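Colleague: Here's a structure for you.
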Amino acid sequence: MTPEQRFADYMAAFNRGDEAALRHYYADDVRLVIGNGRELLGPKAIIDFYRGVKAKTQRTIEIVQCFTDGEWLAAELESEFLAIADAPDFASGPMRRGDRLYINSFVLYESRDDRYARIRAAVFKREWRRAQSP
Amino acid sequence: MSTSEVLRGWFEAYLEAFNGGDFDGFGSYYADDVIFQGQAAQVVGRTTVLDFYREVKRRLDERLELLTFVGAPAVGRLAVEMRTTLIARQDWLELSTGPIRAGERRQSVNFIFYDIADGRFTRIRSARFSPLPGIRP
């Protein structure tokens, strides 16, 4: 399996919320810095955080491109969040039910022993699409 | 030497030319119709990119430092983590990333993706990496 294929499998597990599978992709001391600058330490923190995100939003991450030269994998990702409930504490800013947020991000993954040990995201483009007021 | 290492050497020569103010040197890396989506400018075309950088280098000392390199020559892509250091030689209050005053030093870390075709950059896109204060990047 190539690193790119492995990454696609990881993203598929992420999208279907397969927490048991996700744990196998992370090093025990994984550090993830998400697009708004917040850091999540360890697999549990990452999984707990995104469980909370999924409770308030629908989201599927699409891999626009990814490539690697060994230790590092670079990925360009697109996703759109749809708020299925009011989310005043949403990481990128408050969302009301029906709001959409499009994010295009650049992410660097550092692997160690075939697990992601450091993941850092930078937002290239962020577009809010607010729900129409009733 | 792997093809990725060759690509890295090619890219490092670009940085050396950029940091040295060698406009012919780093300009040769841009395709005629390069799409440039940087932090302070979004323009198209080598001439326009170089005009932008002439304006920048007239007012600021800008230095790029390569922190991480991910090269995939087979697909014509590379991604970098780059530290940019700006030192203003004069006030530039209209700078699109925020006014800067003479003597002020500003640093940022950016993730930059490059598309490459026929030995030139056809698209350059930069995203600011902004960990919250106190986070070890």
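The values are calculated or read from the model by the stated rules, or taken from the named source; none is laboratory data. It should be emphasised that the depicted structure is a prediction, and the values quoted were computed from it without experimental measurement. Here the Cβ is made from the backbone with ideal geometry for all residues, glycine too, and neighbour counts use every protein chain on show. When the accessible area is computed, the model is the full protein with side chains, heavy atoms only, and any ligands, DNA or RNA have been set aside. Shrake-Rupley method; radii C 1.70, N 1.55, O 1.52, S 1.80 Å.
Colleague: Yes or no: the stretch B:35-46 includes at least one residue that is in contact with a Phe, Trp or Tyr (Cβ under 9 Å, 6 or more places away or on another chain), at pLDDT 95 or above, assigned to a helix (DSSP H, G or I) and more than 17 Å from B:Ile87 (Cα to Cα).
Modeller: Within the stretch B:35-46 (the criterion being in contact with a Phe, Trp or Tyr (Cβ under 9 Å, 6 or more places away or on another chain), at pLDDT 95 or above, assigned to a helix (DSSP H, G or I) and more than 17 Å from B:Ile87 (Cα to Cα)), the answer is yes, since at least one residue qualifies.
Colleague: In this structure, does B:Arg59 turn out to be of a type in the set (D, E, K, R), open to solvent by less than 20 Å² (accessible area, probe 1.4 Å) and either farther than 23 Å from A:Thr68 by Cβ or under 15 Å from the mean Cα position of the chain (by Cα) (or both)?
Modeller: For B:Arg59, the condition - of a type in the set (D, E, K, R), open to solvent by less than 20 Å² (accessible area, probe 1.4 Å) and either farther than 23 Å from A:Thr68 by Cβ or under 15 Å from the mean Cα position of the chain (by Cα) (or both) - is not met.
Colleague: Cβ contacts < 7 Å: first residue of a type in the set (D, E, K, R), restricted to the stretch B:67-86; second residue part of a strand (DSSP E or B) and open to solvent by 60 Å² or more (accessible area, probe 1.4 Å), any location; separation 6+ or different chain. Result?
Modeller: B:Glu81/B:Leu67; B:Arg83/B:Glu65; B:Arg83/B:Leu67; B:Arg83/B:Gln107
Colleague: Out of all the residues in the stretch B:95-137, which are hydrophobic (A, V, I, L, M, F, W, C) and part of a strand (DSSP E or B)?
Modeller: Across the stretch B:95-137, the qualifying residues are B:Ile100, B:Val109, B:Phe111, B:Ile112, B:Phe113, B:Ile116, B:Ala117, B:Phe121, B:Ile124, B:Ala127, B:Phe129.
Colleague: Moving to a separate point now. Answer yes or no as to whether A:Ala20 is open to solvent by 10 Å² or more (accessible area, probe 1.4 Å), of a type in the set (A, V, I, L, M) and free of Cβ contacts under 8 Å to residues at least 12 places away in the same chain. Before the answer, list the steps.
Modeller: On the way: open to solvent by 10 Å² or more (accessible area, probe 1.4 Å): yes; of a type in the set (A, V, I, L, M): yes; free of Cβ contacts under 8 Å to residues at least 12 places away in the same chain: yes.
So A:Ala20 fits the description; yes.
Colleague: Taking the stretch B:1-17 on its own, how many of its residues are open to solvent by less than 70 Å² (accessible area, probe 1.4 Å), more than 15 Å from the chain's Cα centre (by Cα) and not aliphatic (A, V, I, L, M)?
Modeller: Summing the residues that are open to solvent by less than 70 Å² (accessible area, probe 1.4 Å), more than 15 Å from the chain's Cα centre (by Cα) and not aliphatic (A, V, I, L, M) in the stretch B:1-17 gives 3.
Colleague: A further question on this structure: Got a sec? Which of B:Arg105, B:Arg77, B:Arg89, B:Arg58 is basic (Lys, Arg) and within 16 Å of B:Ser126 (Cα to Cα)?
Modeller: Checking each option against the conditions leaves just B:Arg77.
Colleague: Using the structure shown, decide if B:Val49 is open to solvent by less than 70 Å² (accessible area, probe 1.4 Å) and either out of contact with any helix residue (DSSP H, G or I) (no Cβ under 9 Å at 6 or more places or on another chain) or within 14 Å of another protein chain (Cβ to nearest Cβ) (or both).
Modeller: no
Colleague: For the stretch A:83-121, enumerate the residues that are away from chain B (no Cβ under 14 Å) and open to solvent by 40 Å² or more (accessible area, probe 1.4 Å).
Modeller: If the condition is that a residue be away from chain B (no Cβ under 14 Å) and open to solvent by 40 Å² or more (accessible area, probe 1.4 Å), then A:Ile84, A:Asp86, A:Pro88, A:Asp89, A:Pro94, A:Arg96, A:Arg97, A:Arg100, A:Arg112, A:Asp113, A:Asp114, A:Arg115 are the ones that fit.
Colleague: Considering the stretch B:18-34 alone, what residues qualify as being over 22 Å from A:Phe124 (Cα atoms) and either assigned to a helix (DSSP H, G or I) or open to solvent by 40 Å² or more (accessible area, probe 1.4 Å) (or both)?
Modeller: Hits for the stretch B:18-34 are B:Phe18, B:Asn19, B:Gly20, B:Asp22, B:Phe23, B:Asp24, B:Gly25, B:Phe26, B:Gly27, B:Ser28, B:Asp32.
Colleague: Right, another one. Which of the residues that make up the stretch B:68-94 are part of a loop (DSSP other than H, G, I, E, B) and within 14 Å of another protein chain (Cβ to nearest Cβ)?
Modeller: Listed by number, the list holds a single entry, B:Gly76.
Colleague: Scan the stretch B:109-122 for residues that are among the hydroxyl-bearing types (Ser, Thr, Tyr) and open to solvent by 20 Å² or more (accessible area, probe 1.4 Å) and jot them down. Spell out the reasoning first.
Modeller: The first filter runs over the stretch B:109-122 and keeps only residues among the hydroxyl-bearing types (Ser, Thr, Tyr), leaving B:114, B:122.
Within the stretch B:109-122, B:Thr122 is the sole residue that qualifies.
Colleague: Please find, within the stretch A:60-74, the residue that is farthest from A:Arg31 (Cα to Cα) out of those that are touching a helix residue (DSSP H, G or I) at 6+ places or on another chain (Cβ under 7 Å), of a type outside the set (A, V, I, L, M, F, W, C) and surrounded by 15 or more Cβ atoms within 10 Å (Cβ to Cβ).
Modeller: Once the filter is applied, the top-ranked residue is A:Asp69.
Colleague: If the requirement is being modelled with pLDDT under 95 and in contact with a strand residue (DSSP E or B) (Cβ under 7 Å, 6 or more places away or on another chain), which of these qualifies: A:Phe106, A:Phe67, A:Phe49, A:Phe90? It would help to see each step written out before you state the result.
Modeller: Working: A:Phe106 fails: modelled with pLDDT under 95; A:Phe67 fails: modelled with pLDDT under 95; A:Phe90 fails: in contact with a strand residue (DSSP E or B) (Cβ under 7 Å, 6 or more places away or on another chain).
Matching residue, one of A:Phe106, A:Phe67, A:Phe49, A:Phe90: A:Phe49.
Colleague: Which of (1) open to solvent by less than 30 Å² (accessible area, probe 1.4 Å); (2) farther than 16 Å from A:Asn15 by Cβ; (3) aliphatic (A, V, I, L, M) is the odd one out, the single condition A:Leu77 does not satisfy?
Modeller: Looking at each condition in turn, A:Leu77 falls short on (2).
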